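I have placed the structure first, in the form of structure tokens, so that the comments after it can refer back to it.
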Amino acid sequence: MINFDSVLTGIGGPLDSVALDWQKHVKTALNSEPLELPPTLHDALQEADSIDSVADDLCSLFNLMTQSIHNGGYTYEWTCHTIRDSSLNCECLNVAIFYRTNGYHAGDPFYSSDAFVVINCSRVYAMQDNNNVGESGLFDTAIGFWLSPLRDSCDASMLDSLNDRLSIGYSSHPYCELESKLISGYWYVPPVGARAHFIGKTYWIESRGYYVCRVAGVPYVCRVDPIAPYYNG
């Protein structure tokens, strides 16, 4: 049975409802736990309508936190971005990136190391081990898919071209690529051993812990696995 990546949610429901658990997605991409802020600043951040009202205080805090790795600490500026994607199990993610204005890669919010990230004006994360936001996977929210034969005797190379199209990075909507190839009908699913008409063109086999489907141009039943984004951390 496949061990689905913990960032995916909705496994076992309709295949098109599989999504990213946004909290686990953020934690995995940034490879850190939220920072524990001074109580006054924590309360101010929780009560803020936007990052603007607390940004200066956060910049001062980050300067103090980096004094041990840079003489005088790094100075910070910030920029905001909103992630809206149907693959997230939330309406959107509001991301504020606090990036260095001095030192290596200064002035680049996506590739500056020692950056800090504030999510939904609530949780604050520090980038670890010289990682940067641009390569962390935070903004990569597409879910890919991988097809494989249920039987080892089947020619898996027939799926190579389609798997390329379903991979993250090839298409911004891998599920749409898959859906255009799905077919329905009565077909045999080993080792379940029963012919059935699977409504919705894909079927979750609880006893096996994976989805099955048929795709156009392929003479056998396929297993289809959702694939989480790649995380650099």
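Listed values, structure above:
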{"read-out": "Ranking of Met127, Met65 by count of other Cβ atoms within 10 Å, fewest first", "value": "Met65, Met127"}
{"read-out": "Estimated vicinal HN-Hα couplings, Hz - region 69-84 in sequence order (Karplus 6.51, -1.76, 1.60; Gly, Pro = x)", "value": "10, 8, 4, x, x, 8, 9, 10, 10, 9, 9, 10, 9, 10, 9, 10"}
{"read-out": "Whole-number D in µm² s⁻¹ for region 19-126, Kirkwood Cα-pair radius fed into Stokes-Einstein, 20 °C, 1.002 mPa s", "value": "149 µm²/s"}
{"read-out": "The chain - mean residue ellipticity at 222 nm from DSSP helices (-39,500 (n - 2.57) per run, n ≥ 4, rounded to 500)", "value": "-5500 deg cm²/dmol"}
{"read-out": "Size of electric dipole in region 82-145: Cβ of Lys, Arg +1 and of Asp, Glu -1, about Cα centre, debye, nearest 20", "value": "160 debye"}
{"read-out": "Built amide H within the under 5 Å cut-off of Leu8, gap 5+", "value": "Asp21"}
{"read-out": "Top positive-direction residue, dipole computed over the chain with Cβ charges, set Gly73, Tyr125, Thr40", "value": "Tyr125"}
{"read-out": "5 angstrom amide H check on Asp108, placed H, neighbours 5+ away", "value": "none"}
{"read-out": "Qualifying lysines (Cα of each under 30 Å from Cα of Lys201; at least 8 residues distant if same chain)", "value": "Lys24, Lys181"}
{"read-out": "Most mobile of Ile51, Ile183, Ile168 in a GNM of the chain (Cα contacts under 10 Å)", "value": "Ile183"}
{"read-out": "Phi-based couplings in Hz for region 131-138 (Karplus 6.51, -1.76, 1.60; Gly and Pro marked x)", "value": "5, 10, 5, x, 9, 7, x, 4"}
{"read-out": "Sequence-distant residues sharing a close amide H with Gly137 (under 5 Å, placed H)", "value": "Asn232"}
{"read-out": "Contact order normalised by residue count of the chain, Cα under 8 Å, 6+ apart, percent", "value": "20 percent"}
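Just so you know, all these numbers are worked out from the coordinates, no wet-lab data involved. Quick caveat, the model's predicted, so the values are computed rather than measured. As a convention, Cβ positions derive from the backbone with ideal geometry for all residues, glycine included, and neighbour counts pool all protein chains shown.
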